[in-house]
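For reference, the structure is listed below as structure tokens.
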Amino acid sequence: MNIFRLTGDLSHLAAIIILLLKIWKSRSCAGISGKSQVLFALVFTTRYLDLLTSFISLYNTTMKVIYIGCSYATVYLIYMKLKATYDGNHDTFRVEFLIVPVGGLAFLVNHDFSPLEILWTFSIYLESVAILPQLFMISKTGEAETITTHYLFFLGLYRALYLINWIWRFYFEGFFDMIAIVAGVVQTILYCDFFYLYVTKVLKGKKLSLPA
Amino acid sequence: WQRGIHHDEL
């Protein structure tokens, strides 16, 4: 465990909690892509099946349980409790265009052809693109609430910090996981455009809105 | 590549 990995995990946790609290406090999930949230719930579920097979540390187990719990709570709020506020008309990204290729790739490129490992690989690939429905929704409506942009910022920051963590681990532990690294680079790149808007607009006190 | 199978990250 190094400082980049820890701050990455905490940044991820911050993102998840910010989103959950935003929805809970405002009693509204307007502007939030339910599809992205379902994909993230699927990511955590398929990745953390090892909760049942191996114990790594109390920290590891606790974080996994929190991530899974929060992601399902978010999905529950969007599709059940606060369904009336869900902006389904703007959440039109076709997720099958992500799930099918990602599933195929997980079968073809993995560390080990075993069910648990294929599901882990699937979750890594899926996570790298799971935010696309949310970004698509923002590009469609042309704007995002400031709190939503904070959520996206911490979510992107988490993966960027993980990239530094992997460089660190490569140098100091000789550890590297090519699948995680390539997917992590792709995931981080997807946030670059958003990071630019976040720094140039949101941090200067303006609302994130795109030119029509 | 084998090392990746022990997944200790989140």
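When segment A:165-187 is filtered for residues that are of a type outside the set (D, E, K, R), within 13 Å of chain B (Cβ to nearest Cβ) and assigned to a helix (DSSP H, G or I), the ones remaining, listed by number, are A:Asn165, A:Trp166, A:Trp168, A:Phe170, A:Met178, A:Ile179, A:Ala180, A:Ile181, A:Val182, A:Ala183, A:Gly184. For segment A:21-55, the set of residues classified as in a helix (DSSP H, G or I), among the small types (Gly, Ala, Ser) and under 20 Å from A:Glu127 (Cβ atoms) consists of A:Gly34, A:Ser36, A:Ala41, listed by residue number. Only a single item in (1) within 24 Å of A:Leu208 (Cβ to Cβ); (2) away from chain B (no Cβ under 12 Å); (3) buried (at least 21 other Cβ atoms within 10 Å of the Cβ) is not met by A:Leu135, and it is number (3). Within segment A:111-125, the residues that satisfy the criterion of being hydroxyl-bearing (Ser, Thr, Tyr) and either away from every other protein chain (no Cβ under 11 Å) or surrounded by 20 or more Cβ atoms within 10 Å (Cβ to Cβ) (or both) are A:Thr121, A:Ser123, A:Tyr125. Residues in segment A:36-56 that are of a type in the set (S, T, N, Q) and surrounded by fewer than 18 Cβ atoms within 10 Å (Cβ to Cβ): A:Thr45, A:Thr53, A:Ser54. Any chance you could count how many residues in segment A:28-81 are modelled with pLDDT under 95 and away from chain B (no Cβ under 14 Å)? Residues flagged as modelled with pLDDT under 95 and away from chain B (no Cβ under 14 Å) within segment A:28-81 amount to 0.
Scanning segment A:11-21 for residues that are more than 19 Å from A:His90 (Cα to Cα) and touching a residue at least 12 places away in the same chain (Cβ under 8 Å) yields A:Ser11, A:His12, A:Leu13, A:Ala14, A:Ala15, A:Ile16, A:Ile17, A:Ile18, A:Leu20.
Can A:Leu210 be described as under 12 Å from the mean Cα position of the chain (by Cα) and among the aliphatic types (A, V, I, L, M)? No: the conditions fail for A:Leu210.
The values are calculated or read from the model by the stated rules, or taken from the named source; none is laboratory data. Please read all numbers here as calculations on a predicted model, not as lab measurements. When we count neighbours, we look across all protein chains shown, and the Cβ atoms used for this are built from the backbone with ideal geometry, even at glycine.
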